[in-house]
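The values are calculated or read from the model by the stated rules, or taken from the named source; none is laboratory data. The structure displayed is predicted, hence computed values, not measured ones. Note that each Cβ is placed from the backbone with ideal geometry, even for glycine, and that neighbours are counted across all protein chains shown. All accessible areas refer to the heavy atoms of the entire protein, side chains included, with ligands and DNA or RNA removed. Shrake-Rupley method; radii C 1.70, N 1.55, O 1.52, S 1.80 Å.
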Amino acid sequence: MQIGPYTLKNRLVVAPMAGVTDRPFRVLCKRMGAGMAVGEMLASNTALWSTKKSLRRADHRGEPDPIIVQIAGGDPAQMAEAARLSVQQGAQIIDINMGCPAKKVCNVAAGSALLRDEALVARILQAVVAAVDVPVTLKTRTGWSRAHNTALRVAKLAENCGIAALALHGRSREDMYHGQAEYDTIRAVKAAVGIPVLANGDIDSPQKARYVLDYTGADGVMIGRAAQGRPWIFREIQHYLDTGECLPPPEVAEIREVLLAHLDDLYQFYGEYSGCRIARKHIAWYTRGLEGGNAFRQAMYQLEDTASQRAAVAAFFDRLAEGGDRLRYLTESAVCQD
């Protein structure tokens, strides 16, 4: 898949997720098979960029290309300035957020709230594309509600404004993350525009990725929640797309090392106090569905320092290894089924 001058190694993209797709997670997903990873969104008000949270979100040191910075806001001039500053700081692709359904984003007329004002959508897209000399992409939803599906019009606006690629979540803003993503709109959008289209929503297995690509004709898939605690899903999907066969579950020893390395990156990135607390959700995701996982998590949540947290994770996976070489889930949701 081609986005501007960048040829991605495959069609698998990590979706931007606030509080999740920080630099340690992006680097890990790319190492485990993702062709591209979008960073956490930055507010377009650059006066806010000096906060510790914003500085971390803008930190891409050591991350493999292409570096993608996502910006969110509702003022065209402010969005353009945020894009310019991001490029000065190393962004190679600018992504515009018109998909976030969170109230605190929509209440300031940003994210998916913009889908109620297509004239403003056009002004923002034009301003950002004109402001930078790097590709600009757009992440959006099917509309504000299912009754007001604006995806086709917004997609054509995007193409006409010079947007280089479009990621479309198959839900409206009112849907939030409920119900099933609908792929008919993504299919219609892909048929109507000539720019690359990424399908997003409910892609949680190699087979689902294959189905969505075939049904929608999309150029690639964007994966978010399914990668939480399972960053190897990208290599699983790519192997299935290449061969039609499922990879066996990963070895316990490998995932033990993957998680411990992820924790070390988080501790270094956030520091002792925040690192320990931010790591908790990642550990919970890695261990869900595993035997003894619930009891382990309840104990792990009580640990207050990184050394004891790391030691507890190592011990948990050592116990798992006593029961077999490969990860075994209590449910089939995380297992590829031929």
- Query: Once phi is turned into θ = phi - 60°, what whole-Hz ³J(HN,Hα) does the Karplus curve with 6.51, -1.76 and 1.60 give for every residue of the range 125-140, x standing for Gly and Pro?
  - Reply: 4, 4, 5, 6, 4, 6, 7, 10, 10, 10, x, 10, 10, 9, 10, 8
- Note on the structure: Set Lys53/Lys190; Lys139/Lys190; Lys30/Lys281; Lys53/Lys208; Lys53/Lys156, cut-off 24 Å on Cα-Cα distance; pairs above it are Lys53/Lys190; Lys53/Lys208; Lys53/Lys156
- If exposed chymotrypsin sites (Phe, Trp or Tyr not before Pro) are those in a DSSP loop with at most 14 other Cβ within 10 Å, what is the longest stretch of the chain that has none? 1-176
- Identify which of Asp265, Asp305, Asp22 has the largest mean-square fluctuation in a Gaussian network model of the chain, with springs joining Cα atoms closer than 10 Å. Asp305
- For the chain, which whole percent of the accessible surface, found with a 1.4 angstrom probe, sits on carbon and sulfur atoms? 50 percent
- Query: Using alpha-carbon pairs under 8 Å, 6+ residues apart, how would you state the relative contact order of the range 238-338 in percent?
  - Reply: 40 percent
- Query: Taking only the alpha-carbon atoms of the range 219-277, what semi-axes of the equivalent ellipsoid follow from 5 times the gyration tensor eigenvalues under a square root, in whole Å, largest first?
  - Reply: 28, 15, 7
- Item | Positive-end extreme of charge dipole, the range 256-315 - chosen from Gly275, Asn294, Ala315 (charges on Cβ) | Asn294
- Query: Taking the alpha-carbon set of the range 28-78, what are its Rg and Dmax in Å?
  - Reply: 12.6, 38
- Query: Per the helix-only calculation at 222 nm, which mean residue ellipticity applies to the chain, given -39500 (n - 2.57) for every DSSP H run of n ≥ 4 and division by its residues, nearest 500 deg cm²/dmol?
  - Reply: -13500 deg cm²/dmol
- Calculate the all-directions average of the projected area of the range 135-190's alpha-carbon convex hull, and give it in nm². 3.6 nm²
- Task: Please report how far the C-alpha centroid of the range 159-189 lies from that of the range 17-46, rounded to the nearest whole angstrom.
- Result: 20 Å
- Residues of the chain: accessible area per residue with a 1.4 Å probe, Å²: 42 Å²
- Item | Cut-off under 5 Å, modelled amide H: who pairs with Leu42 long-range | Gln70, Ile71, Ala72
- Message: Suppose every Lys and Arg Cβ carries +1 and every Asp and Glu Cβ carries -1, with no other charges. What dipole size does the range 249-338 come out with about its Cα centre, to the nearest 20 debye?
- Response: 360 debye
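Tell me the relative contact order for the chain as a rounded percent, counting alpha carbon contacts under 8 Å between residues six or more apart.
Averaging sequence separation for qualifying contacts and normalising by length gives 14 percent for the chain.
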- Query: Using the Cα atoms as the points, what is the convex hull volume per residue of the chain in Å³?
  - Reply: 128 Å³
- Note on the structure: A correct Karplus calculation of ³J(HN,Hα) over the range 201-208, with 6.51 cos²θ - 1.76 cosθ + 1.60, θ = phi - 60°, whole Hz and x for Gly and Pro, returns x, 6, 8, 10, 7, x, 5, 5
- Distance in Å, no decimals, from the C-alpha centre of the range 207-254 to the one of the range 49-95 is 28 Å
